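Q: Would you mind keeping the following structure in view while I ask a few things?
The values are calculated or read from the model by the stated rules, or taken from the named source; none is laboratory data. Source: prediction; values computed, not measured.
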Amino acid sequence: MTLFGKTLDAEQIAGLVSLLALLLFWIMALRREQGALTVFRKWEADRKARRDAEIEAEQGADQGETPPPPISGGNRGPWG
C-alpha cells in the first residue's frame, strides 16, 4: 500500500488502524461523558426548581394559605 508516495508494510498499516480505532474510542468516551454531564445538569436544575417551589409553598403556608400535598415517589437522583 502506498500513502503519500511512501510504501507501507503490514506493521505500519496495523499501527495506523490501531491509532484510528483508539481515536474512535476516545471520541465515543468523550460524547458519553458529555451526555452524562448534560443529564446531571438537567436533573440539578429540576431539583433546584422543585426545592424553590417547596420553599415558596412553605412561605405561603406561613401566611395562611394551604400548601399543596407533598410529592411522593419520583426520582431521588439523576440515576433513578
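Q: Do the conditions hold for E44, that is, is it of a type in the set (D, E, K, R), in a helix (DSSP H, G or I) and at pLDDT 90 or above? Even if it seems obvious, please write down each step before you answer.
A: Numbers: of a type in the set (D, E, K, R): yes; in a helix (DSSP H, G or I): yes; at pLDDT 90 or above: yes.
So E44 fits the description; yes.
Q: I would also like to ask the following. Go through (1) within 31 Å of the chain's Cα centre (by Cα); (2) part of a helix (DSSP H, G or I); (3) at pLDDT below 90 for L20 and report which single condition fails.
A: So the condition that L20 fails would be (3).
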